[in-house]
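The values are calculated or read from the model by the stated rules, or taken from the named source; none is laboratory data. These numbers were taken from a predicted model, which means no experiment stands behind them. For neighbour counting, all protein chains shown are included, and Cβ atoms are generated from backbone atoms with ideal geometry for every residue, glycine included.
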Amino acid sequence: MLAQLTGPPEEESQALDLFTAFVDRVSSLVSELGFGQTGWGFYLLGGAAMTLAVTVFAMIIGAIVGALVTWAKLADNVPAKIVGNIYTVVLRGAPELLIIYMVYFGKVVDLIGNTVSALGLGDSHVINSFLAGALGVGLISAAYQAEVFRGAYTAIFKGEIEAARSIGMHRFMRFRRIIAPQIMRYAIPGLGNVFQLSIKDSALISVTGLVEIMNASNKAAGSTKQFFMFFIVGACLYLVLTSISTRMFNAGERRVAKTFRRPVGM
């Protein structure tokens, strides 16, 4: 009776302390992940936007270089075929981080970055890091895109190309009307895989100082000492980007497939 009058039992007091500590902990985590002055939300979203920008530019560079490598690998010219094969073997075999370092410390990136900075269009370090990341990942993805394009080209029914040639359709028209649409039809699934690979390779750009998802997560973790939490958040951001890209490429694949669907009986 006296214990009931003087206060709660020891077990209830410990439970209350644990609950209070839990609430304080959750509030602290929400504050650190929030979008206020003390939160890292905007910083992490900025890193995600930078990752997406680097990946998109890398895919564009990779598509251009990959198309040239594909042409070289399919050409009747033996030296061109050798150069194309060497490119895919070296770029697929060399460590991605080594390629990024070679591009980052190259003179071309410095020249472009310093020129753009002199024009007042941005900080030279950020520009150099972005260019190195996009170009490095782009050159790596070009080797994989070249194989995707080559496989897509070999899947085209050669009778269509011969028929177009027999009616006098010149080379550019054959490529624009017959070859290119069907290459895209067969290449979209493989390009989706290369896009996801490029998203993950972009994490290596953090060594250049560019603030993308990996670098942003690392800085937030180092500042708050919440390493596990912020690396989990970074992993979730990568998962969101890859999931969205998967849906987009699947939708593109279905849409392109509809254009090649022929009526029954033809």
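Computed values, structure above
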{"item": "Among (1) in a helix (DSSP H, G or I); (2) surrounded by fewer than 19 Cβ atoms within 10 Å (Cβ to Cβ); (3) in contact (Cβ under 8 Å) with a residue 24 or more places away in the chain - the single one residue 163 does not satisfy", "result": "(3)"}
{"item": "Positions within segment 169-227 being without any contact (Cβ under 8 Å) to a residue 24 or more places away in the chain, aromatic (Phe, Trp, Tyr) and closer than 30 Å to residue 159 by Cα, in sequence order", "result": "172, 175"}
{"item": "Within segment 241-260, considering residues that are aliphatic (A, V, I, L, M) and exposed (fewer than 12 other Cβ atoms within 10 Å of the Cβ), the one nearest to residue 47 (Cα to Cα)", "result": "244"}
{"item": "Total residues in segment 214-238, condition part of a helix (DSSP H, G or I) and farther than 16 Å from residue 49 by Cβ", "result": "12"}
{"item": "Check on residue 103, more than 23 Å from residue 203 (Cβ to Cβ) and at pLDDT 85 or above", "result": "no"}
{"item": "Enumeration of residues in segment 119-146 that are over 23 Å from residue 59 (Cα atoms) and at pLDDT 70 or above", "result": "none"}
